[in-house]
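Chemist: Okay, here's the structure, questions in a sec.
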Amino acid sequence: MEFLEKLRIEPKNYGASTGTNWFKTETEGEIKVISPVDGKLITTVYQSSKDDYEKIIEQAIDAFKYWRTVPAPKRGEIVRQIGMRLREYKKELGMLVSYEMGKSIQEGWGEVQEMIDICDFAVGQSRMLYGLTMHSERPKHRMYEQWHPLGIVGIVTAFNFPVAVWSWNAMIAAVCGDVCIWKPSSKTPLSAIATQKIIADVLKENNLPEGIFSLIIGKGATVGERMLEDKRVPLISITGSTAVGRHAAEVIGRRLGRAILELGGNNAIIITPDADLKLAITATVFGAVGTAGQRCTTTRRLIIHESIFDKVRESLIKAYESLKIGNPLDEKNHMGPLVDKAAVELYINALEEVKKEGGKIIYGGELLKGPGYESGCYVKPALVEAENHYKIVQEETFAPILYLIKYSGSVENAIAIQNDVPQGLSSAIFTNNLREAETFLSAWGSDCGIANVNIGTSGAEIGGAFGGEKETGGGRESGSDVWKAYMRRQTNTINFSTELPLAQGIKFEI
């Protein structure tokens, strides 16, 4: 395929790089990268070894010694060039994301655009790494705080956003003066390899050392656990399931390292009697079936007032019937496949479980077969009448299943249902009632890290802090002041007097 050639994806690819240097290890086995679009083998990737990991760490340590001395605006200039280079490869990289992962081509291009946008954001941030000044209680003393680079940042990403989430972390970390080691999902290694080659060109053109941006693809036992336990990696950002995040937090916590955890979501939209239903239905459908239900911000629960429940249900069925499911590289299609057959199995098992608990499938729920669906990864998105307390509803199933839940009475009842799950990532309410909207946004309203009014749960602008509470992990990435997570804070006091006042008024004469 032409886009693979332009991105320099080879028939066989190596999985470890410090920039332009790729390690040639071939002893740890190969990942066969199968496209969920057509079930065909794209290519293979050699997995990395323990020695590869150690070499990457050593190179990153050396690179950090240099990179932290580069003025932040100069670091921002490198990120600006990376953003410009990504613009040149947007079409091809977006196609690879779509073909390797299965999301629609529009979403693939949108993901690369997010990378470009965060580069632009980080360039501005490179001139705004602000500290504070504070008045000292001691005469002729000045106090202030400053922020210094932290060191090596490990970035562990998931398959559903194979490149964008890396950029949210890496571009901010880079302008902060950190160096990055990226461990991508083994389900989508090619998108990471292509990205590594794109940014390596920029580093080479600027005569920068190896190790500022590194990539390592390998088994969890070989690479992942080693990174979690490595005291030389002060911060690790992890996107994944709650189970993965809980284990990582325990390992990192034992060595008193830092973690940014972006974990599971069980996101709900509340629709009240005062909602604009046209907006609500549009947002719900996109939120539930976009990326085939494989976003952490996917709409998984729809909490509908009993007075409009039947109307909303019928509108959703009609909307779902109009969806076009097929090859995601065809722009006419709304939804592509799940990432692999294991994801399909989770989808089928979840629907079986919800039926056992008393749920009713009112649309979809089948594996699609026939021409165009040969990969075995295409499903019909499901609408299910359910209750919030069902065990399966309390869990995050990474698939296009939307649970319709009825509520009665006031909006407070709907908010209580929404909050009554272990996860706390994204939430939304559709209402034109100011009191309902403000209640939803209040301290006693939504308990999620993201709370929206008259806009859906899925997607996020890079200017805002992205992340959630409870079992979502509490981490924040991308915009706002999240840059502080990638730096170490230092408080400084300068005495420009001729005396040395001591704490608590202690007198100490020499």
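The values are calculated or read from the model by the stated rules, or taken from the named source; none is laboratory data. Note that the coordinates shown come from a computational prediction; the quantities given were computed from them, not determined experimentally. When we count neighbours, we look across all protein chains shown, and the Cβ atoms used for this are built from the backbone with ideal geometry, even at glycine. The area values use the complete protein model at the heavy-atom level, side chains included, leaving out ligands, DNA and RNA. Shrake-Rupley method; radii C 1.70, N 1.55, O 1.52, S 1.80 Å.
Chemist: For Tyr373, all conditions in the list (1) among the hydroxyl-bearing types (Ser, Thr, Tyr); (2) assigned to a loop (DSSP other than H, G, I, E, B); (3) under 22 Å from the mean Cα position of the chain (by Cα) hold save one; what is the number of the exception?
Modeler: (3)
Chemist: Let me ask another. Would you mind finding the one in Thr44, Thr27 that is in a loop (DSSP other than H, G, I, E, B) and farther than 19 Å from Leu329 by Cα?
Modeler: It is Thr27.
Chemist: Applying the selection to segment 398-436, what residues are of a type in the set (Phe, Trp, Tyr) and either assigned to a strand (DSSP E or B) or modelled with pLDDT under 95 (or both)? So that I can check it myself, show each step before the final result.
Modeler: Quick first cut of segment 398-436, residues of a type in the set (Phe, Trp, Tyr) only: 398, 403, 407, 430.
Passing the criteria: Tyr403, Tyr407, Phe430.
Chemist: Just a yes or no: is a residue in segment 347-362 more than 25 Å from the chain's Cα centre (by Cα), basic (Lys, Arg) and assigned to a helix (DSSP H, G or I)?
Modeler: Yes - at least one qualifying residue is present in segment 347-362.
Chemist: Residues being hydroxyl-bearing (Ser, Thr, Tyr) and within 19 Å of Ala122 (Cβ to Cβ): count how many of those fall in segment 70-105.
Modeler: Residues flagged as hydroxyl-bearing (Ser, Thr, Tyr) and within 19 Å of Ala122 (Cβ to Cβ) within segment 70-105 amount to 1.
Chemist: Moving on. Given (1) under 30 Å from Asp310 (Cα atoms); (2) in contact with a His (Cβ under 9 Å, 6 or more places away or on another chain); (3) of a type outside the set (Lys, Arg); (4) open to solvent by less than 40 Å² (accessible area, probe 1.4 Å), identify the lone condition not met by Met487.
Modeler: With (1) under 30 Å from Asp310 (Cα atoms); (2) in contact with a His (Cβ under 9 Å, 6 or more places away or on another chain); (3) of a type outside the set (Lys, Arg); (4) open to solvent by less than 40 Å² (accessible area, probe 1.4 Å) applied to Met487, the lone miss is (1).
Chemist: Can I ask one more? Under the condition of being aliphatic (A, V, I, L, M) and open to solvent by 60 Å² or more (accessible area, probe 1.4 Å), which residue from segment 122-158 is nearest to Asn169 (Cα to Cα)?
Modeler: Met128
Chemist: Here's another thing I want to ask about it. Out of the residues in segment 47-70 that are in contact with a strand residue (DSSP E or B) (Cβ under 7 Å, 6 or more places away or on another chain) and assigned to a loop (DSSP other than H, G, I, E, B), which is most open to solvent (accessible area, probe 1.4 Å)?
Modeler: In this case the residue turns out to be Arg68.
Chemist: Among the residues of segment 286-297, which ones are open to solvent by less than 10 Å² (accessible area, probe 1.4 Å) and within 16 Å of Tyr320 (Cα to Cα)?
Modeler: Taking segment 286-297 as the starting set, the residues that turn out to be open to solvent by less than 10 Å² (accessible area, probe 1.4 Å) are 287-294, 297.
Answer for segment 286-297, where residues must be open to solvent by less than 10 Å² (accessible area, probe 1.4 Å) and within 16 Å of Tyr320 (Cα to Cα): Gly287, Ala288, Val289, Gly290, Thr291, Ala292, Gly293.
Chemist: Can you give me the number of residues within segment 118-137 that are part of a helix (DSSP H, G or I) and in contact with a Phe, Trp or Tyr (Cβ under 6 Å, 6 or more places away or on another chain)?
Modeler: Within segment 118-137, residues that are part of a helix (DSSP H, G or I) and in contact with a Phe, Trp or Tyr (Cβ under 6 Å, 6 or more places away or on another chain) number 2.
Chemist: A further question on this structure: Please go through (1) over 25 Å from Glu111 (Cβ atoms); (2) in contact with a helix residue (DSSP H, G or I) (Cβ under 8 Å, 6 or more places away or on another chain) for Ser214 and return the number of the only condition it doesn't satisfy.
Modeler: Ser214 satisfies all of (1) over 25 Å from Glu111 (Cβ atoms); (2) in contact with a helix residue (DSSP H, G or I) (Cβ under 8 Å, 6 or more places away or on another chain) except (1).
Chemist: Scan segment 376-397 for residues that are in a loop (DSSP other than H, G, I, E, B), touching a residue at least 60 places away in the same chain (Cβ under 8 Å) and either more than 16 Å from Glu345 (Cβ to Cβ) or not small (Gly, Ala, Ser) (or both) and jot them down.
Modeler: Filtering segment 376-397 for residues in a loop (DSSP other than H, G, I, E, B) gives 376-378, 380-381, 386-390, 395-397.
Subset that is touching a residue at least 60 places away in the same chain (Cβ under 8 Å): 376-377, 381, 388, 395-397.
Across segment 376-397, the qualifying residues are Cys377, Pro381, Asn388, Glu395, Glu396, Thr397.
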